[in-house]
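Data first, discussion second: the structure below is written as structure tokens.
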Amino acid sequence: MRVCIVGASGKLGQYMVEHALDRCYEVVGVCREQSVGKLDAFKGRITVIPGATDDREVIEKAVAGCDSVLVVLVPRGIHGYSTGTAQAVLDHAPQGARLVFSSGWHITLDGKDVYSWKLKALVKIAGPLAKLARFADLDDQVEACRRVFASDTRWTLVRGSDLEEGAGQGLPVWSRHVGDPILESNKTRRVDFALFMVEALENDELVHEAPAIVGRQTPSALAHAVGE
Ligand SMILES: NC(=O)c1ccc[n+]([C@@H]2O[C@H](COP(=O)([O-])OP(=O)(O)OC[C@H]3O[C@@H](n4cnc5c(N)ncnc54)[C@H](OP(=O)(O)O)[C@@H]3O)[C@@H](O)[C@H]2O)c1
């Protein structure tokens with residue numbers, strides 16, 4: 001399998017590169033020019049294409065000949081970086097390619113998610129402040145995901161809970177809606193978020209799903225685990 005990882009130099013991206021190499025996939029990573037050095041540990045084992053992830057020419061080149069694309073969607077800046085990134089991938093990925101995008105729990109596919117006051121406050125207060133500071137635009141990620149959902153591609157959007165570093169605990173568990181009891185612990189190791197993204201490439205049951213994930217060793221996952 002030839003996989004393109006868009007946003008490969010970030011924390012999530014680097015873990016995804018590791019998981020993909022563990023599976024002997026051929027990896028093409030896209031990252032900003034100034035971040036290429038962050039991928040030095042993988043020198044000689046992956047192809048790096050430097051450039052902004054919302055640069056359509058960069059993405060066109062990177063996804064050529066790929067069976068699948070993993071995309072870190074980040075709402076950085078206020079100029080539609082996430083939306084541009086998602087659209088470039090949707091437009092240029094080869095027909096039938098498996099596309100897996102990342103986001104947070106605040107994205108909803110069907111409006112049936114039930115959010116805690118804490119998450120609502122974060123989106124309502126921190127969101128506008130981040131935009132005011134020109135640091136990030138949560139609406140941009142919302143628009144990017146809306147376009148993914150509306151596309152006729154083989155997409156999955158993986159919605160991460162709060163993240164933490166630490167040794168992997170295995171494949172996170174998931175549910176369709178935030179608010180479901182199994183997700184209550186709201187904590188996932190970043191390395192396992194990456195594992196879920198990479199495993200999703202070969203799991204057709206996740207096509208057109210927006211799984212909200214949580215660490216498999218968290219109390220809520222253990223309390224509500226079924227048949228494992
Ligand atoms: N952080 C959380 O608690 C959390 C919780 C739930 C879900 N998520 C989701 O998880 C994914 C990864 O998030 P993360 O927080 O863990 O971050 P991350 O993996 O470190 O990724 C951050 C990405 O943003 C890029 N970036 C940083 N500054 C930028 C700028 N000014 N302009 C453009 N790109 C820039 C980085 O590229 P460079 O390497 O070039 O800097 C990197 O690809 C995202 O989809 C996020 O929505 C995060």
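Points to keep in mind about this one:
- Selection from segment 3-23 of residues that are more than 10 Å from the ligand (Cβ to nearest atom), free of Cβ contacts under 8 Å to residues at least 60 places away in the same chain and not hydrophobic (A, V, I, L, M, F, W, C): Asp22
- A single member of Ala64, Ala97 is aliphatic (A, V, I, L, M), within 19 Å of the chain's Cα centre (by Cα) and away from the ligand (no atom under 13 Å from the Cβ), and it is Ala97.
- Qualifying positions in segment 130-146 - part of a helix (DSSP H, G or I) and surrounded by 14 or more Cβ atoms within 10 Å (Cβ to Cβ): Ala130, Lys131, Leu138, Asp139, Asp140, Gln141, Val142, Glu143, Ala144, Cys145, Arg146
This table checks each residue for (1) surrounded by fewer than 19 Cβ atoms within 10 Å (Cβ to Cβ); (2) within 24 Å of Ala210 (Cβ to Cβ).
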| site | (1), (2) |
| --- | --- |
| Leu21 | yes, no |
| Cys31 | no, no |
| Arg45 | yes, no |
| Ala52 | yes, no |
| Lys61 | yes, no |
| Val69 | no, yes |
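Okay, residues lined up against (1) surrounded by fewer than 21 Cβ atoms within 10 Å (Cβ to Cβ); (2) in a loop (DSSP other than H, G, I, E, B); (3) within 13 Å of the ligand (Cβ to nearest atom):
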{"site": "Glu57", "(1), (2), (3)": "yes, no, no"}
{"site": "Val74", "(1), (2), (3)": "yes, yes, yes"}
{"site": "Ser82", "(1), (2), (3)": "no, no, yes"}
{"site": "Ala86", "(1), (2), (3)": "no, no, yes"}
{"site": "Val89", "(1), (2), (3)": "no, no, no"}
{"site": "Tyr115", "(1), (2), (3)": "yes, yes, no"}
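- On the stretch given as segment 118-129, residues that are more than 17 Å from Val178 (Cα to Cα), among the aliphatic types (A, V, I, L, M), surrounded by 12 or more Cβ atoms within 10 Å (Cβ to Cβ) and modelled with pLDDT of 85 or more total 0.
The values are calculated or read from the model by the stated rules, or taken from the named source; none is laboratory data. The model shown is predicted, which means the values in this text are computed figures rather than measured ones. Counting neighbours? That spans all protein chains shown, and the Cβs are built from the backbone with ideal geometry, glycine included.
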